[in-house]
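Let me begin by presenting the structure, written as structure tokens, before commenting on it.
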């Protein structure tokens with residue numbers, strides 16, 4: 001039992017890292033049981049699980065939260081540091097907030113439109129004024 005407590009303390013210590021970050025999106029895919037994951041590279045800062053973030057695709061800014069981070073190097077990282085390639089799962093993102101395109105009589109997520117977008121630290125300018133209801137944006 002003590003072994004698990006040590007891991008939790010270590011992850012908690014890593015999760016205390018705060019500051020601005022920017023993650024450039026290279027791709028997005030859906031994993032059963034994990035949801036949508038955005039793959040790419042951390043361009044600056046450190047991405048921490050639980051961080052308030054913004055998904056920026058073109059002119060669209062969606063307020064989200066970093067739910068999980070993944071990398072090939074570590075089994076269950078708590079953070080992604082600058083220069084690290086990995087994947088980010090987001091909470092607070094609805095399918096209708098992603099760009100779409102028609103495909104074979106259906107509407108699917110437009111992965112090409114997502115590529116090059118960023119997940120970044122939430123900025124004060126990302127949050128709409130209190131009286132402005134923008135349906136999650």
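The values are calculated or read from the model by the stated rules, or taken from the named source; none is laboratory data. Nothing here was measured: the structure is a model prediction, and the numbers come from that model. Note that each Cβ is placed from the backbone with ideal geometry, even for glycine, and that neighbours are counted across all protein chains shown.
Would you mind stating whether residue 53 is at pLDDT 90 or above, assigned to a helix (DSSP H, G or I) and out of contact with any helix residue (DSSP H, G or I) (no Cβ under 6 Å at 6 or more places or on another chain)? Working first, answer last.
Working: at pLDDT 90 or above: yes; assigned to a helix (DSSP H, G or I): no; out of contact with any helix residue (DSSP H, G or I) (no Cβ under 6 Å at 6 or more places or on another chain): yes.
Taking the combined requirement at face value, the residue does not satisfy it.
Under 6 Å by Cβ, and 6 or more places apart or on different chains, what pairs join a residue from segment 68-82 that is at negative phi with one that is buried (at least 17 other Cβ atoms within 10 Å of the Cβ) and modelled with pLDDT under 75?
Close Cβ pairs (under 6 Å, with a partner that is buried (at least 17 other Cβ atoms within 10 Å of the Cβ) and modelled with pLDDT under 75) amount to 69/77; 71/77.
Take the residues in segment 17-50 that are touching a strand residue (DSSP E or B) at 6+ places or on another chain (Cβ under 8 Å) and over 14 Å from residue 88 (Cα atoms), then tell me which one is modelled with the lowest pLDDT.
So, considering only residues that are touching a strand residue (DSSP E or B) at 6+ places or on another chain (Cβ under 8 Å) and over 14 Å from residue 88 (Cα atoms), the one modelled with the lowest pLDDT is 17.
Out of the residues in segment 93-126 that are touching a strand residue (DSSP E or B) at 6+ places or on another chain (Cβ under 6 Å), modelled with pLDDT of 90 or more and under 19 Å from residue 52 (Cβ atoms), which is surrounded by the most Cβ atoms within 10 Å (Cβ to Cβ)?
Among them, the one singled out is 119.
Evaluate the following for residue 37: is it without any contact (Cβ under 8 Å) to a residue 60 or more places away in the chain, within 20 Å of residue 22 (Cβ to Cβ) and not in a helix (DSSP H, G or I)? Before you say what the answer is, go through the steps one by one.
On the way: without any contact (Cβ under 8 Å) to a residue 60 or more places away in the chain: yes; within 20 Å of residue 22 (Cβ to Cβ): yes; not in a helix (DSSP H, G or I): yes.
Judged against the criteria, residue 37 is a match.
Any residue in segment 94-113 that is touching a residue at least 12 places away in the same chain (Cβ under 8 Å), within 22 Å of residue 20 (Cβ to Cβ) and not in a strand (DSSP E or B)?
First, the residues of segment 94-113 that are touching a residue at least 12 places away in the same chain (Cβ under 8 Å): 94-95, 97-99, 101, 109-111, 113.
Now narrow it down to the ones that are within 22 Å of residue 20 (Cβ to Cβ): none.
Scanning segment 94-113, I find no residue that is touching a residue at least 12 places away in the same chain (Cβ under 8 Å), within 22 Å of residue 20 (Cβ to Cβ) and not in a strand (DSSP E or B), so the answer is no.
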